[in-house]
Amino acid sequence: MKSEIRILCAAALACASLAVQAQSDTGAGAVPAHPWHFGVLVGDVQDHGKGNPVAQVSFGYDIDRSFGVEALANISLLIMREGVLAKDDTIYDSAVGARALASLPLGEDWKLTGGLGVVRFQDEVSDGARNQVRQKTSPLVSVSAMYRKSHRWTFGAEVASFTSAHALSVGLRGELHF
């Protein structure tokens with residue numbers, strides 16, 4: 001299941017990148033009126049088969065209607081953890097990184113966006129006696145479907161995979177454009 005979602009995310013990113021060339025010239029390359037955005041995502045992350053509630057904040061810049069860049073922090077909402085995990089169990093902590101975005105407008109209000117980037121991923125793993133923090137760098141592949149409610153607000157859903165960490169984040173996302 002995880003590999004199929006990763007393949008779907010990579011395919012969506014590739015299609016969005018290639019489809020930019022096929023768009024009509026009616027403002028496809030125009031700079032948006034509000035190019036900066038602040039995003040919030042609330043959802044779940046699956047790390048080695050265990051789910052955790054997460055929140056993600058992001059700050060980005062839309063270069064034009066089709067391309068942008070974004071910095072993000074994805075953080076577990078399980079602040080209080082009791083006891084030691086079972087031996088070799090893992091639990092997600094956080095991921096911080098950046099990604100490039102390619103968008104495919106689907107009409108005036110909808111767009112499909114693929115993201116490709118890198119994150120610094122952190123989780124805890126148990127050796128049986130105590131939990132140890134483990135950090136690694138991981139590629140990030142994401143896809144989102146977004147609805148533009150107004151010039152300032154965008155809402156939608158996002159699926160992101162921290163590929164080398166074997167973690168999958170799914171959530172509802174909102175953005176404020178300024």
> Has the stretch 80-93 got any residue that is crowded, with 20+ Cβ neighbours inside 10 Å and at pLDDT 95 or above?
Replying inline: no
>> Looking at G114 and the list (1) in a strand (DSSP E or B); (2) surrounded by fewer than 19 Cβ atoms within 10 Å (Cβ to Cβ); (3) in contact (Cβ under 8 Å) with a residue 12 or more places away in the chain, which single condition is not satisfied?
In response: (2)
> How do the strands (runs of 3 or more DSSP E) wholly within the stretch 118-178 filter down when requiring 1 or more residues that are free of Cβ contacts under 8 Å to residues at least 24 places away in the same chain and out of contact with any His (no Cβ under 9 Å at 6 or more places or on another chain): which remain?
Replying inline: 131-148, 153-162
> When you scan the stretch 53-72, how many residues do you find that are out of contact with any Pro (no Cβ under 9 Å at 6 or more places or on another chain), aliphatic (A, V, I, L, M) and farther than 12 Å from R99 by Cβ?
Replying inline: 3
> Just checking, how many residues over the stretch 128-144 are surrounded by 16 or more Cβ atoms within 10 Å (Cβ to Cβ) and closer than 24 Å to S58 by Cβ?
Replying inline: 7
> Out of the stretch 42-53, which residues are surrounded by 15 or more Cβ atoms within 10 Å (Cβ to Cβ) and modelled with pLDDT under 95?
Replying inline: V45, Q46, D47, N52
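The values are calculated or read from the model by the stated rules, or taken from the named source; none is laboratory data. Since the structure is predicted, the reported quantities are computational estimates derived from the model, not experimental observations. So basically every Cβ, Gly included, is an ideal-geometry build from the backbone, and we count neighbours across all protein chains shown.
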